[in-house]
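Data block below; observations after.
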Amino acid sequence: MPLPDPLRRYPITLPDGSDHKGTVFLSEAIDHPRFQAGEYSYASDFEPSDDWVQRLAPYLFPFSQERLVLGKFCQIAHGVRFITSSANHSMDGLTCFPFPVFDPDGMTGFQPDTRDTLIGHDVWIGYGAMILPGAQIGSGAIIGAGSVVRGNVPPYAIITGNPTEVRRFRFEKDTIDRLLALDWWDWPAEKIAEAEKALLSGNIEELERIAPK
């Protein structure tokens, strides 16, 4: 079957024909200079928001110096929060108190931490997970519910806990390398639709057969 329309804000249609307002394609639901989301990446929440940037990344301001970047086909569950670098205080001095933010003239450009938060493609972030400033999550990773994520997460790792630990990898290294080489999330929509059965079944040989030549 064809993929959902990536230009729909609400991609799920309920049996009564209405839009499910609790799930949005983020590329269509956000308009923010520091927040970028790839096609088909969605967020779900039991309390739909009119401002999904504020809901997901409350410290990311238009004047922030960092970026929050999500790849394609990411899946973000209820309660996930991205604590971006604008939230961090300086720890270099004798106090962490952010004096400059209380001065309208001094706050411009004052940001002790400017690291980007980068999320790969096809990443599943579970219920209530918290992603800390500067985290970099590889494609295909699964972030367990309630996890507190910092640092680098390898592609196709399953991580849980606080601090998080890699519990296992979803596939053997050879399979992970083949998946990353395929970059299926960048294929044309009709090719991804053709590959749906292979993607859902774990048949990488079939996925490689379907891959654009």
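The values are calculated or read from the model by the stated rules, or taken from the named source; none is laboratory data. Treat the numbers as computed from the prediction; the structure is a model and nothing was measured. All Cβ positions, glycine included, derive from the backbone under ideal geometry; neighbour counts span all protein chains shown. Heads up: the accessible areas ignore ligands, DNA and RNA and are worked out on the full protein's heavy atoms, side chains in. Shrake-Rupley method; radii C 1.70, N 1.55, O 1.52, S 1.80 Å.
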Revision key, fill the gap. With T = 20 °C, eta = 1.002 mPa s and Kirkwood Rh from C-alpha pairs, the Stokes-Einstein D of region 133-176 in µm²/s is about 206 µm²/s
Point to revise | Whole-angstrom gap from region 26-78 to region 122-145, using each part's C-alpha centre | key: 13 Å
Study note, to complete from the structure: The local net charge around Ala189, scoring Lys/Arg +1 and Asp/Glu -1 for residues other than Ala189 whose Cβ lies under 12 Å from its Cβ, equals -4
Study note, to complete from the structure: per DSSP, antiparallel bridges as share of beta bridges in the chain, % nearest 5, sits at 30 percent
Check your understanding: Per residue of the chain, what 222 nm ellipticity follows from adding -39500 (n - 2.57) for every DSSP H run with n ≥ 4, rounded to the nearest 500?
Key -> -4000 deg cm²/dmol
Practice item. Please give the contour-minus-distance gain from Lys21 to Leu200: 0.36 nm per residue of separation, less the Cα-Cα distance, rounded to one decimal in nm. Key: 61.9 nm
Check your understanding: Within straight cross-link reach of Lys72, meaning Cα distance under 20 Å, which lysines are found once same-chain residues fewer than 8 apart are removed?
Key -> Lys191, Lys197
Point to revise | region 122-211 - Rg over Rh from alpha carbon coordinates, Kirkwood radius | key: 1.02
Review point. Taking the chain, how much of its Cα-Cα pair set, in percent, is spaced more than 21 angstrom apart?
Key: 58 percent
Point to revise | Label point distance in nm, Val166-Leu14, each placed 7 Å from Cα along Cα→Cβ | key: 4.2 nm
Revision key, fill the gap. Counting every C-alpha pair in region 1-66, the percent lying more than 13 Å apart is 64 percent
Revision key, fill the gap. With bins of 10 Å, the percent of all Cα-Cα pairs of region 1-126 per bin from 0 is 12, 39, 27, 15, 5, 1, 0
Check your understanding: Going 7 Å from the Cα of Gln65 toward and past its Cβ, which residues in region 113-132 have a backbone nitrogen under 20 Å from where you end up?
Key -> 113-118, 132
Revision key, fill the gap. For Glu39 the rounded accessible area (nearest 10 Å², probe 1.4 Å, non-protein molecules ignored) is 90 Å²
Review point. Over all directions, what mean area does the Cα convex hull of region 159-213 project, stated in square nanometres?
Key: 4.7 nm²
Exercise for review: Treat each spin label as a single point 7 Å out from the Cα along the C-beta direction, and report the Thr175 to Thr114 distance in nm.
Suggested key: 4.2 nm
